[in-house]
Protein chains: 2
Amino acid sequence: MSDLARAYRYAVNVTPKPGILDPQGKAVERSLPHLGIDGVSGVRVGRRVEMVVAAADEAAARAVVDRLAGELLSNPLMELFEVEPLGEVGEAASADTGVRG
Amino acid sequence: MSDLARAYRYAVNVTPKPGILDPQGKAVERSLPHLGIDGVSGVRVGRRVEMVVAAADEAAARAVVDRLAGELLSNPLMELFEVEPLGEVGEAASADTGVRG
């Protein structure tokens, strides 16, 4: 327990690599005229995964998120990911009760 | 053309509302032990949509993104969205060639 004393929130933003076809983004662009929306281009649809990581310190938490993002949350052939720190949430135990799946 | 003289990048982050079941998030959590990853909880999987908006000024661009996020990119019954400004990219014409679908 003492090595998981702090908890941090992160988001992992996963987007299609430039040049990779993005059918969802194209579908959004094609529906814009029906909404009467003008001037929007370059739509890319990716994923955003938010989580709480309990760890000894921020560096340890960040290492866990980096591994998760690269090995499970993104496809390195087709996608880029970016880790976004969302701040410390306090004790690991209270963090667990604050965020529900 | 003169009323679409500037271009701004935005991301729209869409996440499941608190209390709404998130099967993808649960699937991620269940696969963590197989990766030997410990201490991760409260995983929520949403979408991230990035785009370029050409408009007369930032307020006009933001209004377009807010409408798009609420009417097309998110389901207001089950999801929350947050608009994240990513900065101005310059002339609308050059922005179009810089981001590909």
Notebook entry, point to check: A:GLY87 label points, 7 Å along Cα→Cβ, one per copy: pairwise distances from this copy to the rest in nm, shortest first?
Noted result: 2.4
Notebook entry, point to check: When the Cα centres of region A:40-71 and region B:13-27 are compared, how far apart do they sit, in Å?
Noted result: 15
Notebook entry, point to check: If you count, for each residue, the other Cβ atoms within 10 Å and average over each peptide, how do B:41-53, B:76-88 line up from highest to lowest?
Noted result: B:41-53, B:76-88
Next item on the list: Provide an ascending nm list, one decimal, of label-point separations from B:GLY70 to the equivalent residue in each further copy; define each label point as 7 Å from Cα along Cα→Cβ.
Entry: 4.2
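Estimate the FRET efficiency between A:LYS26 and A:ALA5 by the formula 1/(1 + (r/R0)^6), using the beta-carbon distance for r and 35 Å for R0, to the nearest 0.05.
Working: r = 47 Å, r/R0 = 1.33.
Calculated value: 0.15.
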Check: Which of the listed residues, B:LEU35, B:VAL64, B:ALA54, is farthest toward the dipole's positive end in region B:2-65, when Lys, Arg count +1 and Asp, Glu count -1 at the beta-carbon?
Finding: B:LEU35
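Tell me whether region B:19-65 comes out rounded, prolate or oblate; compute the Cα gyration tensor, take square roots of the eigenvalues as a ≥ b ≥ c, and use a/c under 1.5 as the rounded threshold.
Values: a/c = 4.50, a/b = 3.20, b/c = 1.41.
Prolate, since a/c reaches 1.5 and a/b exceeds b/c.
Treat every Asp and Glu Cβ in region A:17-82 as -1 and every Lys and Arg Cβ as +1, leave all other atoms uncharged, and give the resulting dipole magnitude about the Cα centre to the nearest 20 debye.
Working: 8 positive and 10 negative charges, 55 e Å.
Taking the Cα centre of region A:17-82 as origin, the dipole is about 260 debye.
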Item checked: Three principal axis lengths of region B:1-92 [C-alpha, angstrom, descending] -> 56, 29, 14
Check: Amide H of A:VAL40: which non-local residues (sequence gap of 5 or more, or other chain) have their own amide H closer than 5 Å, using H built in the peptide plane?
Finding: B:ALA54
Next item on the list: Find the chain B residue whose Cβ sits closest to the rotation axis that carries B onto A, and give that distance in whole Å.
Entry: B:ARG48, 2
Margin query: I need the inter-copy label distances for A:LEU21: point set 7 Å along Cα to C-beta, values in nm with one decimal, smallest first.
Written below: 3.4
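Values in this text are rule-based calculations from the coordinates and carry no lab data. In this text, all values refer to a predicted model and were calculated from it rather than measured experimentally. With ideal geometry, Cβ positions are generated from the backbone for all residues, glycine too; neighbour counts draw on all protein chains shown.
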